[in-house]
1. Can you give the charge dipole size of the range 183-296 about its Cα centre, rounded to the nearest 20 debye, using +1 on the beta carbon of Lys and Arg and -1 on the beta carbon of Asp and Glu?
2. Output the peptides 411-417, 115-121, 44-50 sorted from most to least packed, where packing is the average of other Cβ atoms within 10 Å over each peptide's residues.
3. Please report the relative contact order for the range 157-361, taking Cα pairs under 8 Å with a sequence separation of at least 6, and give it as a percent rounded to a whole number.
4. Sort the following peptides by mean Cβ neighbour count (other Cβ atoms within 10 Å, averaged over residues), highest first: 227-236, 207-216, 302-311.
5. Rounding to the nearest 20 debye, state how big the charge dipole of the chain is about its Cα centre with +1 on each Lys and Arg Cβ and -1 on each Asp and Glu Cβ.
6. Enumerate the amide H contacts of residue 194 below 5 Å, restricted to partners 5 or more residues apart or on another chain; note that Pro and chain-start residues carry no placed amide H.
7. Starting from the Cα of residue 128, step 7 Å along the direction of its Cβ; do the same at residue 84; then give the gap between the two resulting points in nm.
8. Measure up 193/322; 193/242; 115/193; 281/382; 382/457 against 28 Å on the Cα-Cα distance and list the ones that go over.
Amino acid sequence: MAPKFGTSGLRGLVVELTPNLIADYTRAFLAACPTGGAVHVGWDLRPSSPDIAAVVMATARAEGIVVKTAGALPTPALALAAMDSGHAAIMITGSHIPADRNGLKFYIPSGEISKADEEGINANLGRAPATAEEAAQEETPGALSAYAARYVEAFGETVLSGLKIGIYQHSSVARDVMVEVVDALGAETVALKRSDVFIPVDTEALDPETRSMLANWCAENGLDAVISTDGDADRPMVSDAKGRVVPGDVLGALTARWLEADVICTPVSSNTLVMEMGFEKVVSTKIGSPFVIAAMEAALADAPAARVAGYEANGGFLLGFKANGPAGKLEPLMTRDCLLPILAPLAAAKAAEMPLADLVATLPPRFTAADRIAGIETDISKAFIAKLTDDAGARAAFFADMGAEDTVDTIDGLRTRFESGDVVHLRPSGNAPEFRCYAESAHAERAEELVTAYLEKLGRELG
């Protein structure tokens, strides 16, 4: 599949992300979008990222744009540094997908690019190189420490005291800053399975081996939780003391409640328990942070003083207002972040003097599950979903075991709610040749069963 924009940036096979293509997209971004006179550049730990970053930086300098080199760091840390400086940013990362793929995430001085910005970038592809004088390149080593300080100063030195937290480091670009921050907040940390080989951890769809590993670590080390992220650290992963993973949309809802947000923007695929938690307003969006951000901006335009927050089903959290932490203020950061939805639920459980699992159990009883089939091209997935959407008979046959339909939602893919209360949501991935299936039910086991059953059925239907 040729490199293209998905829900969160440009993605493609490394062999197809040629220097010419990377330079072309970099020039198009710089031509189409504001930069504030400089671009911050960072990257994740996959083997191809430094070389791609070198092309990005050389191209930007040749276009007369000052380059601020941030190095290997979490995507939200790069975004924070760039936004605080009033500059653009480019992050080289493929997020959670395998190391044979990579990509670019673009930021303007106000934050993530919008879909309109994306259209502008595509329209500017094929531009001739500039004839400007080569601009300077500067190191910006303080970006990571500023990101860590954001949470240490807001949460305080004792908020996690008494807890023993395992940190699954793998090849996350946040593997060291997670230890630094959690240590600084008073917890005892145990570093787990650091890897020199890139591991594509998809926090939304952990494999059985990883789930078993989490449970074993908790039992062997007496842990209160295990935390981790995806490759570029804009998605959180948190397990309870038994190694059971708390879904990202549950972390998001807990974090929003802890922050005392009143307007929540989250994709249609997120757990609907948030609708029953007493928030003033919950807005459902298409899947992808640009759509969440657009909804947050619209909510703030309608009510500038509103306490607006957003999160994705993967747990990446977006803060749209100045919030109060236990020890200080948290400034807005409207890009997906991993640390806030890791720390806030742990702090909430500690303050309530209960295990994390017990805090989760206080929420409305709605449970989600998600997984995907790899290797299904997007065109095939879209055609199949279009068939089910347009043909009620085909849809009834495919969902023959589910009983009567209640509602059908096509805001992003095909999301069908049945009279039983169960939900099955089918959708092509926006950034990889994958067919994703989400399910929701009043029982966790039922949600898992639905995902397993319908992925098997999709596999048979699509070969």
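1. 200
2. Per-residue Cβ counts within 10 Å, averaged per peptide and sorted highest first, yield 44-50, 411-417, 115-121.
3. After rounding, I find 19 percent.
4. Ranking the peptides 227-236, 207-216, 302-311 by packing returns 227-236, 302-311, 207-216.
5. Computed about the Cα centre, the dipole is about 260 debye.
6. It is 169, 170, by chain and number.
7. About 4.1 nm, to one decimal.
8. 193/322; 115/193; 281/382
The numbers here are math on the coordinates, done by the rules we state, and not lab data. Computed from a predicted model, the values in this text were never measured in an experiment. All Cβ positions, glycine included, derive from the backbone under ideal geometry; neighbour counts span all protein chains shown.
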